[in-house]
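Peer 1: The structure follows.
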Amino acid sequence: MGLWARAITVIDSLLDGLLRWDERMLEAISESSSLNKMSTLLISATYMGDGYLWGGLALGLILFGRPIDRSYVVLGVGTMIVSIAIFRMFKTFFARPRPILVVSPLRSRFLDSYSFPSGHATTSFALAWVISVCYPHLWVQVIIYLAAIVISLSRVYMREHYPLDVICGALLGTFTSIYLLPLLQRVVF
């Protein structure tokens, strides 16, 4: 066996191990008795992550905020649009099926059937970065990142995503914002 073939074998083995870990973690999280006690919070977080939390925050800033707050909303909307385009492209490219679902009556219809990366995690962490840069107060950053984490965790808890979908979505959203925010700031300000 040549060097290239051995490298491919090692990579395949590592990927198989990673995917097995992903499936075990999905089971552990979705069946966790500790998380089952917080099921109402996690189910609510999934719905809030559909855009209601971010849209409500933006609407509040538009209606009751200062002019600078309205500019921050423009930054958030721009980041959200690009983040959605990027995660949609990745979902189409990777085409990873979602985990098997216990379909609830309210969430029986998905926008897509692909799992990787999590759109909720991507947009939540993208906006968390924007908000933490625009409002550099520790309490704001803690609250907004806790919201992003709970939204992301809820996706695994509800078996709509694997843990790696959420982890990669969080990284994708964060890196998108890190690189995009300076460009948008030059346009808006």
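Peer 1: Restricting attention to the range 156-174, which residues are more than 16 Å from Ser113 (Cα to Cα), among the hydroxyl-bearing types (Ser, Thr, Tyr) and over 10 Å from the mean Cα position of the chain (by Cα)?
Peer 2: Tyr157
Peer 1: Please state which of the following conditions Val140 fails to meet, knowing it meets all the rest: (1) surrounded by fewer than 21 Cβ atoms within 10 Å (Cβ to Cβ); (2) under 14 Å from Ser83 (Cβ atoms).
Peer 2: (2)
Peer 1: Out of the range 136-177, which residues are touching a residue at least 24 places away in the same chain (Cβ under 8 Å) and not in a helix (DSSP H, G or I)?
Peer 2: Met158, Arg159, Glu160, His161, Tyr162
Peer 1: Yes or no: the range 164-173 includes at least one residue that is surrounded by fewer than 20 Cβ atoms within 10 Å (Cβ to Cβ), over 16 Å from Asp22 (Cα atoms) and modelled with pLDDT of 90 or more.
Peer 2: Yes, the range 164-173 has at least one match.
Peer 1: Turning to a different aspect of this structure: Suppose we filter Leu61, Leu19, Leu75, Leu53 for residues that are part of a helix (DSSP H, G or I), modelled with pLDDT under 90 and touching a helix residue (DSSP H, G or I) at 6+ places or on another chain (Cβ under 7 Å); which single one remains?
Peer 2: Leu53
Peer 1: With respect to Arg109, determine if the residue is within 15 Å of the chain's Cα centre (by Cα), among the basic types (Lys, Arg) and either at pLDDT below 95 or in a loop (DSSP other than H, G, I, E, B) (or both).
Peer 2: On the way: within 15 Å of the chain's Cα centre (by Cα): no; among the basic types (Lys, Arg): yes; either at pLDDT below 95 or in a loop (DSSP other than H, G, I, E, B) (or both): yes.
In short, no.
Peer 1: Count, please, the residues in the range 39-76 that happen to be without any contact (Cβ under 8 Å) to a residue 24 or more places away in the chain, among the aliphatic types (A, V, I, L, M) and surrounded by fewer than 16 Cβ atoms within 10 Å (Cβ to Cβ).
Peer 2: Selection size over the range 39-76: 4.
Peer 1: State yes or no: is Ser132 over 17 Å from Met48 (Cα atoms), at pLDDT 95 or above, in a helix (DSSP H, G or I) and of a type in the set (Gly, Ala, Ser)?
Peer 2: Here the answer is yes, as Ser132 does meet what is asked.
Peer 1: I've got another one for you. Which residue pairs have Cβ atoms closer than 6 Å, lie 6 or more positions apart in sequence or on different chains, and pair a first residue in the range 19-35 that is within 9 Å of Pro163 (Cβ to Cβ) with a second residue that is outside any helix (DSSP H, G or I)?
Peer 2: Asp22/Tyr162; Leu26/Pro99; Leu26/Tyr162
The values are calculated or read from the model by the stated rules, or taken from the named source; none is laboratory data. It should be emphasised that the depicted structure is a prediction, and the values quoted were computed from it without experimental measurement. Glycine also receives a Cβ, built like all others from the backbone with ideal geometry; neighbour counts cover every protein chain displayed.
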